[in-house]
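Asks: One structure, as structure tokens, below. Some questions next.
The values are calculated or read from the model by the stated rules, or taken from the named source; none is laboratory data. Predicted model, so just to flag it, every value in this text is computed and none were measured. Virtual Cβ from ideal backbone geometry, glycine too; neighbours counted across all protein chains shown. Side chains included, ligands, DNA and RNA excluded: accessible areas come from the protein's heavy atoms. Shrake-Rupley method; radii C 1.70, N 1.55, O 1.52, S 1.80 Å.
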Amino acid sequence: MTRDQYTLTDPAKLYADIEPHAQRQPEPGLDAKLDPRADLGEETYRGTGRLTGRKALITGGDSGIGAATAIAFAREGADVAISYLPDEEQDAQRIAGILRDAGVTVLTLPGDLKDAGYCRDLVAKTVDGLGGLDILVNNGGKQIFNDDLTTLDDEQFDDTFKTNVYAMFWITKAALPHLKPGSAIINTTSIQAYKPSDVLVDYASTKATINAFTKALAQQVAPKGIRVNAVAPGPIWTPLQPSYGQPEEKLDEFGKDTPLGRMGQPAELAPAYVFLASAESSYVLGETLNVNGGIPSP
Ligand code: NAD
Ligand code: MG
């Protein structure tokens, strides 16, 4: 089946041949070890110059949704800096190679988002290395399932909030002074913000926070010409899920309960980020774009 942005295709059949199955990786998972492999749009995404000359920072740009977004941004003409954990160097280098093939400047900036100093440094190094910043994608995230709150240790609760919420705050705060009118901030939230799973109490709470942060900040910085929006993915095939993001047995059915009856691929998310980053969405602010296979969402 042809898979690209242009061919008329039945969305229920698209990718339906890529079946999930139970598997486990240590956290953070690697795209390189995901079976079957995810589609990041490596072979298919075709840019049309929508982000020519822009400078983007994407956290979690080594794999999954962040990597698919990085590929799309680079092919739309943007220079791209990606942030990821040092353990993910293998994934990051593969993505960096694909971005460089698009002819843009690429920065690989490993470190821990739980560290405020790293977050601030990340913005400074991006501005230095790319010569500015006008697109910020806060996408890095931690999701570890837990089925009993009495066993959810304080450290996990803290780490999930640090990674998903505090890092977004630290990075956005450091980035704002550099963002000119026309710049865009895009935060990755989740269907979990509205339909929280019983085993993702901490994670789902961070995703609801990200939605509120997005809508509040969007109003605050609108007069400066900076647009803040969010993307809320549904079940997407990325290393986050088999690295303790879900109980292993749930992966067999991953995405089957969506109206389309299948899980999504990172390549299906990237165009949403391109839309929100580009001037095409000039009147879209404080919005959450749901890309979830049809699950009803507010
Ligand atoms: P992913 O594992 O490919 O990406 C998450 C990335 O977060 C990792 O690659 C890693 O680089 C980064 N990260 C995690 N902890 C970090 C830390 N302490 N320091 C630095 N980087 C860190 O998985 P993904 O599914 O593409 O996740 C991207 C975003 O999408 C996350 O915010 C996730 O919550 C969100 N999301 C995913 C799904 C899904 O089904 N996969 C659904 C809804 C939302
Ligand atoms: Mg990764």
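Asks: Between residue 289 and residues 5 or more places away or on another chain, which pairs have amide H atoms under 5 Å apart, with H built 1.01 Å from N, and which residues are they?
Replies: It is 230, 231, 232, by chain and number.
Asks: Using a Förster distance of 25 Å, how high is the FRET efficiency between residue 3 and residue 48, based on the Cβ-Cβ distance and rounded to 0.05?
Replies: 0.90
Asks: Give me the percent of the accessible area of the chain that comes from carbon and sulfur atoms, probe 1.4 Å, all protein chains in place.
Replies: 53
Asks: Which whole-Hz ³J(HN,Hα) couplings does region 46-59 yield from phi under the Karplus relation 6.51 cos²θ - 1.76 cosθ + 1.60, θ = phi - 60°, glycine and proline marked x?
Replies: Using θ = phi - 60°, the values come out as 10, x, 10, x, 6, 10, 4, x, 6, 10, 10, 10, 10, 7 Hz.
Asks: While we're here: Spelling out what I want: for every residue of region 211-218, take phi, set θ = phi - 60°, compute 6.51 cos²θ - 1.76 cosθ + 1.60 (Karplus), and round to whole Hz; glycine and proline get x.
Replies: My calculation for region 211-218 gives 4, 5, 4, 4, 6, 5, 5, 4 Hz in order.
Asks: Is there a quick way to get the dipole size of region 52-291? I mean about its Cα centre, with the Cβ of Lys and Arg at +1 and of Asp and Glu at -1; what is the value in debye to the nearest 20?
Replies: That gives a dipole near 1280 debye.
Asks: I've got another one for you. Counting only residues 5 or more places away or on other chains, whose amide H sits under 5 Å from the amide H of residue 185 once H atoms are built in the peptide plane?
Replies: 136, 227, 228, 229
Asks: Same structure, new question: Looking only at Cα atoms, what is the convex hull volume of the chain per residue, in Å³? Before the final figure, lay out each step's value.
Replies: Details: hull volume 35.1 nm³, N = 298.
It is 118 Å³ per residue.
Asks: Calculate, for the chain, the solvent-accessible area per residue in square angstrom, rolling a 1.4 angstrom probe over the heavy atoms of the protein chains.
Replies: 42
Asks: Connecting C-alpha atoms closer than 10 Å in a GNM of the chain, tell me which of 173, 142, 114 has the biggest fluctuation.
Replies: Answer for the Gaussian network model of the chain: 173.
Asks: Residue by residue through region 83-93, what is 3J(HN,Hα) from phi via Karplus (6.51 cos²θ - 1.76 cosθ + 1.60, θ = phi - 60°)? Round to whole Hz and write x for glycine and proline.
Replies: Per residue, the Karplus-derived 3J(HN,Hα) values read 10, 6, 7, x, 5, 9, 3, 4, 5, 4, 5 Hz.
Asks: For region 52-291, what does the relative contact order come out to in percent, with C-alpha contacts under 8 Å and a separation of six or more?
Replies: Rounded, it is 20 percent for region 52-291.
Asks: A further question follows. What whole number of Å gives the distance from the Cα centroid of region 19-37 to the Cα centroid of region 210-284?
Replies: Result: 20 Å between the Cα centres.
Asks: Also, I was wondering about something else. Aspartates and glutamates within cross-link reach of residue 215: Cα-Cα under 18 Å, excluding same-chain residues under 8 positions apart?
Replies: Counting by Cα, and skipping residues close in sequence, residue 215 has these aspartates and glutamates nearby: 287.
Asks: Here is the link list: 33/114; 13/207; 142/207; 55/224; 55/180. Which ones come out longer than 20 Å on Cα distance?
Replies: 33/114; 13/207
Asks: Right, something else. Given the DSSP H assignment, sum -39500 (n - 2.57) over each helix run of at least 4 residues in the chain and divide by its residue total; what's the result at 222 nm in deg cm²/dmol, nearest 500?
Replies: It lands at -9000 deg cm²/dmol.
Asks: Additional query: Compute log10 of I(q)/I(0) for region 119-202 with the Debye formula, placing one identical point scatterer on every Cα and leaving out solvent, at q = 0.13, 0.14, 0.16 Å⁻¹, to two decimals.
Replies: Here log10 of I(q) over I(0) equals -0.52, -0.58, -0.70.
Asks: For region 58-160, max minus min Cα coordinate along each principal axis, in Å, sorted largest first?
Replies: 51, 24, 21
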